[in-house]
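Here is the structure we will look at, set down as structure tokens.
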Amino acid sequence: MNLPEIEKKWQKKWEDTRLYSFDRNSDKPKKYVLEMFSYPSGAKLHVGHWYNFGLADTYARYQRMKGYNVFHPMGFDAFGLPAENYAIKTGIHPYDSTVANIATMERQLKEMGASFDWDYEVKTCMPDYYKWTQWCFLQLYKNGLAYRASAPVNWCPKCNTVLANEQVVDGLCERCGTPVIRKHLTQWFFRITKYAEELIDGLEGLDWPEKTKLMQKNWIGKSTGSEITFRIEGGGEFSVFTTRADTLNGVTYVVISPEHPLIDSLTTPEQKEAVEAYKEYASKANEIERLSTSREKTGVFTGSYAINPINGRKVPIWAADYVLASYGTGVVMAVPAHDERDFEFAGKYGLPIERVVAGKNEGQNDDLPFTDYEGVLVNSGQFDGLTVTEGKKAITSFLEKTGQAQFKTTYRLRDWLISRQRYWGAPIPIIHCEDCGDVPVPEEDLPVALPYDVDFTPDGTSPLAKHEGFMNCKCPRCGRPARRDPDTMDTFVCSSWYFLRYPDNRDDKMAWDPKIINRMLPVDKYVGGAEHACMHLLYARFFVKAFRDMGYLSFDEPFLSLTHQGTILGPDGEKMSKSKGNVVSPDEYISKYGSDAFRMYLGFGFAYVEGGPWNDGGIRSVAKYLDRVERLVNKIWADDPSVGRTDEDRTVNLVLHRTIKAVDQDLNTFSFNTAIARLMELTNALYKYTDEEYNVSFARSCIRTLLKLLAPFAPHFSEELWEQIGEDYSIFNQDFPTYEEKYLVEDEITYPLQINGRVKDRFSISKDATKEEIEEYVMKNFSDVFSGFDIVKKVIVPGRIVNIVVKPKQ
RNA sequence: GCGGACGUGGCGGAAUGGCAGACGCGCUAGACUUAGGAUCUAGUGUUUUCACGUGCAGGUUCAAGUCCUGUCGUCCGCACCA
């Protein structure tokens, strides 16, 4: 069969007959199957797209044949830096290049033969989409979940933009690799931390990879401890967060982050020069020594002292960059005797080390630091003798009475910084008025349109800030001249709600109709890369929870079940990259073998969640297999059904029904490689069966089943053969085959006979044989094997195995 | 440094604690061919046999690739998280 040719034929027919058109009013149960939509960066689909979309489509087709009303949309995450960088380089406007790339990708996705319903497409860069992204922003703003704050941010000098912490890789800009520096700017944030607790709790009920759940949990980083207030000698106070309140008596100094707002007031005139120099050093620390695993701790004395609330002792306040301003309170109480980092720091700067926890066991009291939790408090006055756990509680409670401490939970998670000083994104719908302050754009004025004629050369200011026509507006509140916010939103904002827009993508009255999406959501199966574990997947969950609380939807989680596809590597086992020259382009394989063979090889050659190196031989083997199926079909339809046998073959039926069962299960778990292996086994069995005189009608019914099982993996090929054997269009309107239990059982079971755990022989016996009957059979028929041995134990597991434990006769 | 995952033939990869290596690639031999990078048939973990084999060393079990402990290696995530 000339696959590339017949694929065109079926793609046209599928489109003409609107086969994949989604029916919102169907009474079948819905199944929302979604792949993470793609960024239209390069013009062409790469192997990774195929691996993700092609096999998720196999899953979607399977669910359709299982009787579900499958919703399988596709769209484009079309805003973002690459288009803008490309424009800076080539002068081609981001809008033009993006629209062109989308057109190419749409065409290629159609050539894949995937079952998307394009009527539900979304493109995030179009006004009819970003209008509602802006609407989302306004709702978050109105509900106190969007706020503006000045904060130390990561600044990429090359991209001239702010990066979220999550987007900095090894101190380098994730996009361009330039070392990131620190800079203070006023930015918009989304208050994702408000949902920290629920974002952890909600993970429990999700059918997600455990690894991904754990990563999100660690990312949110819940930590329970105490907040303790220290007075500053000479006036003022500050709080520290600690998980080890039990060691409070062992505090010999405190450490403040060099970026902390209190640092200047704490610094004495004598220390000013040293502290200023250290602040300067710390702000560059990202750049230097970033990759060193054993970076030496550094710090400087501020000149001030704090009073330890538990014992009134005066301890020095140091500044050191091993304390982060953005975590906890930005100040740490240092207990060098019981903390590795404090110990190292104290050693280096000659600060005192005082032990307050003793080990329970002999020999544990020699070395410091002692960080075990198995210990009792010493040198702690009235708290001596308490365990670590008791000590934490007792000391915090004691200070709580005087308002100097409280139990506290903190999270590692930080609020989501969404401002970008870039052009190619959704404008932030806020107007800055000299008199009224920040004023939200009235909803009826949305969208705040992104102007086309903009100078987006990077020069440190937002491109929109230089566009007077855009910037100048009237304050919606007082009507006086005002200025728009010149920034655009992080593209993760666009992708945090697109799955809500798909089912109602043409709505021009609202972002989504709750009546529709409460029925269509949550997404039943979400498929995409593991690299989104902590960002996109967390942001989308936050959006759903926030909009649920505002009353715009009534479910708690966006994605019930999640699968990550693995990565297809180059033939050399390395990640594909242009610089390594190991990029495999789908196009040449598709024009040679067809998209079905290409997709099916991706399913067969890898464990889906693992991925692995590309192998040319693999795709030939799949093409060969499809040829084999075609020859088999031709042969069976060339033979005369009126001659030959008329009975059904038990062995073939056994293989057939086992195959149905296995393929069904494997498709549910994205275990495409084993499913295809089972199909090959069935094909082999049918070859064998039809080699001699056989029942043609029976063989034909087996083939009809085989084609239906094969259809999700090789849709064009199966549709073509389905037509050739005279069946009605379309195979995808057929029900997925079901197996019958009665064909799965064999009359006899072959048991392995183990002696001392090693297989020595095997025997067959009725499937109904009891444990006693099996034992009797073995003792009778294998008596010679046991002669000369005493039988110690007989392990007989019906349906599985027989193991006889023996020892030589005394 | 912390957290997580993974180590199975020449290769991709299979194995609810129960016959390791399904299925396929590659390879070997044969058949059919003017031809074969087509197709079909047989074989293919190591070892002549006993036997040995899932990174290495122990352990639990009648039975371990699978569970436990330690160790080595590879990969991923996070970077001093108090």
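The values are calculated or read from the model by the stated rules, or taken from the named source; none is laboratory data. Here the structure is a predicted model, which is why all the values come from computation and not from measurement. Here Cβ is always computed from backbone atoms with ideal geometry, including for glycine, and neighbour counts include all displayed protein chains. Note: areas computed on protein heavy atoms with side chains; ligands, DNA, RNA excluded. Shrake-Rupley method; radii C 1.70, N 1.55, O 1.52, S 1.80 Å.
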Exercise for the section: Only residues that are open to solvent by less than 30 Å² (accessible area, probe 1.4 Å), of a type outside the set (Phe, Trp, Tyr) and under 17 Å from A:VAL527 (Cα atoms): list them for region A:21-44, please. Expected result: A:VAL33, A:LEU34, A:GLU35, A:MET36, A:SER38
Fill in the blank from the handout: Screening A:GLY594, A:GLY603 for residues that are modelled with pLDDT of 85 or more, open to solvent by less than 20 Å² (accessible area, probe 1.4 Å) and over 22 Å from A:ARG107 (Cβ atoms) leaves only A:GLY603
Exercise for the section: Go through region A:723-775 and give me each residue that's surrounded by fewer than 17 Cβ atoms within 10 Å (Cβ to Cβ), of a type in the set (Ser, Thr, Tyr) and away from RNA strand B (no atom under 13 Å from the Cβ). Expected result: A:TYR729, A:THR738, A:SER766, A:THR770
Exercise for the section: Kindly indicate whether any position in region A:47-65 is surrounded by fewer than 23 Cβ atoms within 10 Å (Cβ to Cβ), more than 25 Å from the chain's Cα centre (by Cα) and touching a residue at least 40 places away in the same chain (Cβ under 8 Å). Expected result: yes
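This table checks each residue for (1) surrounded by fewer than 15 Cβ atoms within 10 Å (Cβ to Cβ); (2) among the charged types (D, E, K, R).
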{"residue": "A:TRP219", "(1), (2)": "no, no"}
{"residue": "A:GLY225", "(1), (2)": "no, no"}
{"residue": "A:PHE230", "(1), (2)": "no, no"}
{"residue": "A:ARG244", "(1), (2)": "no, yes"}
{"residue": "A:SER257", "(1), (2)": "no, no"}
{"residue": "A:ASP264", "(1), (2)": "yes, yes"}
{"residue": "A:SER283", "(1), (2)": "no, no"}
Exercise for the section: Could you name every one of the strands (runs of 3 or more DSSP E) located completely within region A:384-494 that has at least 3 residues being surrounded by fewer than 18 Cβ atoms within 10 Å (Cβ to Cβ) and in contact with a helix residue (DSSP H, G or I) (Cβ under 9 Å, 6 or more places away or on another chain)? Expected result: A:405-411
Handout entry: Only one of A:TYR39, A:TYR32 that is at pLDDT below 90 and within 25 Å of A:MET126 (Cα to Cα)
Key = A:TYR39
Fill in the blank from the handout: Flagged pairs (Cβ under 6 angstrom, 6 or more apart or on separate chains; first in region A:99-122, on the phi < 0 side of the Ramachandran plot and of a type in the set (S, T, N, Q); second open to solvent by less than 10 Å² (accessible area, probe 1.4 Å) and modelled with pLDDT of 90 or more) are A:SER115/A:ASP57; A:SER115/A:ALA60; A:SER115/A:ARG61; A:SER115/A:HIS72
Handout entry: Pairs with Cβ under 8 Å, 6+ apart, first in region A:191-209 and more than 23 Å from A:LEU140 (Cα to Cα) and open to solvent by less than 50 Å² (accessible area, probe 1.4 Å), second part of a loop (DSSP other than H, G, I, E, B) and of a type outside the set (D, E, K, R)
Key = A:LEU206/A:LEU560; A:PRO209/A:HIS564; A:PRO209/A:VAL609
Exercise for the section: Search region A:327-348 for residues that are in a helix (DSSP H, G or I) and pair each with any residue that is near RNA strand B (Cβ under 9 Å from one of its atoms) when their beta-carbon atoms are under 6 Å apart and the residues are at least 6 apart or on different chains. Expected result: A:PRO336/A:ASP342; A:HIS338/A:THR247; A:ARG341/A:TYR322; A:ASP342/A:ALA334; A:ASP342/A:VAL335; A:GLU344/A:LYS297; A:PHE345/A:LYS297
Exercise for the section: Evaluate region A:538-552: report whether one residue or more is within 16 Å of RNA strand B (Cβ to nearest atom) and either over 22 Å from A:ARG191 (Cβ atoms) or assigned to a loop (DSSP other than H, G, I, E, B) (or both). Expected result: no
Problem - Leading residue by the ranking (nearest to the chain's Cα centre (by Cα)) among those in region A:649-707 that are more than 19 Å from A:ASP639 (Cα to Cα), open to solvent by 40 Å² or more (accessible area, probe 1.4 Å) and away from RNA strand B (no atom under 11 Å from the Cβ) - result: A:ASN668
Practice task
Would you confirm whether any residue within region A:114-125 is out of contact with any Lys or Arg (no Cβ under 7 Å at 6 or more places or on another chain), part of a helix (DSSP H, G or I) and buried (at least 17 other Cβ atoms within 10 Å of the Cβ)?
Solution key: yes
Handout entry: Residue list for region A:776-796, restricted to those being open to solvent by 60 Å² or more (accessible area, probe 1.4 Å) and in contact with a strand residue (DSSP E or B) (Cβ under 9 Å, 6 or more places away or on another chain)
Key = A:TYR777, A:ASN781, A:PHE789, A:ILE791, A:VAL792, A:LYS793, A:LYS794
Practice task
Examine region A:602-619 for a residue that is more than 21 Å from A:GLY528 (Cβ to Cβ), touching a residue at least 60 places away in the same chain (Cβ under 8 Å) and more than 9 Å from RNA strand B (Cβ to nearest atom), and state whether such a residue exists.
Solution key: no
Exercise for the section: Identify, from the list A:VAL240, A:VAL254, the residue that is closer than 25 Å to A:ALA394 by Cα, within 9 Å of RNA strand B (Cβ to nearest atom) and either in a helix (DSSP H, G or I) or in contact (Cβ under 8 Å) with a residue 60 or more places away in the chain (or both). Expected result: A:VAL240
Completion exercise
Within region A:314-337, the residues that are more than 8 Å from RNA strand B (Cβ to nearest atom) and either under 11 Å from A:HIS260 (Cβ atoms) or open to solvent by less than 10 Å² (accessible area, probe 1.4 Å) (or both) are A:VAL315, A:ILE317, A:ALA319, A:PRO336, A:ALA337
Practice task
Restricting attention to region A:10-20, report how many residues are open to solvent by 50 Å² or more (accessible area, probe 1.4 Å) and touching a residue at least 24 places away in the same chain (Cβ under 8 Å).
Solution key: 3
Completion exercise
Restricting region A:553-565 to residues that are free of Cβ contacts under 8 Å to residues at least 60 places away in the same chain and open to solvent by less than 50 Å² (accessible area, probe 1.4 Å), the one nearest to RNA strand B (Cβ to nearest atom) turns out to be A:PRO558
Practice task
Go through (1) open to solvent by less than 50 Å² (accessible area, probe 1.4 Å); (2) more than 9 Å from RNA strand B (Cβ to nearest atom) and name the single condition A:TYR625 misses.
Solution key: (2)
